[in-house]
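**Q** So that we are looking at the same thing, I have put the structure below in structure tokens.
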Amino acid sequence: MISYDPNNIFAKILRGDISCHKILETDYILAFHDVKPKAKIHALVIPKGAYISSYDFHGNASDQELKGYYQGLNAVLSQLGLCHMTNTKGGYRLISNAGINGGQEVPHFHTHILGGEKI
Ligand code: 5GP
């Protein structure tokens, strides 16, 4: 089992060592725009806790952290106007890469939100 690297880029963003284009911050999450967007809207949602992957987060986070994370993700979907399925702005894709075969670059759990156009 690999251990969490406190010097990964998202840990640095959480500490404020690296800046980001912030969308929303709560007690449990930070959401910001991806630096290399792969869609018109490309947001990243990260938990404040030190978790490597979805497996790590879902297995080891507290109930409060889990709830806080997914409530925060929902708030980001609302804020970005992606939650309405009945108009052309709405709809989105969620992606969470994990590990080498999953193509994960940054070893701090995160969910990509892609939208704003037909993916
Ligand atoms: P992964 O491949 O780990 O699922 O995705 C990591 C994402 O983080 C990539 O889409 C990449 O563009 C984004 N990213 C990497 N470094 C930075 C950064 O310093 N700032 C922001 N906003 N996004 C980053």
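The values are calculated or read from the model by the stated rules, or taken from the named source; none is laboratory data. This is a predicted model, so every value here is computed, not measured. Positions of Cβ are backbone-derived with ideal geometry, glycine not excepted, and every protein chain shown enters the neighbour counts. The accessibility values were calculated without ligands, DNA or RNA, using every heavy atom of the protein model including side chains. Shrake-Rupley method; radii C 1.70, N 1.55, O 1.52, S 1.80 Å.
**Q** If I go through the range 78-119 residue by residue, how many of them are within 14 Å of the ligand (Cβ to nearest atom) and not in a loop (DSSP other than H, G, I, E, B)?
**A** So the answer is 11.
**Q** Those residues that are open to solvent by less than 70 Å² (accessible area, probe 1.4 Å) and either under 21 Å from S19 (Cα atoms) or without any contact (Cβ under 8 Å) to a residue 24 or more places away in the chain (or both), I need them from the range 78-88; list them, please.
**A** S78, L80, G81, C83
**Q** Now a separate question. Here are H108, H112: which of them is open to solvent by less than 30 Å² (accessible area, probe 1.4 Å) and touching a Leu at 6+ places or on another chain (Cβ under 7 Å)? Steps first, please.
**A** Working: H108 fails: touching a Leu at 6+ places or on another chain (Cβ under 7 Å).
One residue alone meets the criteria, H112.
**Q** Against the definition (basic (K, R) and more than 14 Å from the ligand (Cβ to nearest atom)), how does K40 come out, yes or no?
**A** Taking the combined requirement at face value, the residue satisfies it.
**Q** Now for a separate question. Taking the range 5-20 as the region of interest, how many residues are within 11 Å of the ligand (Cβ to nearest atom) and not small (G, A, S)?
**A** Number of matching residues: 8.
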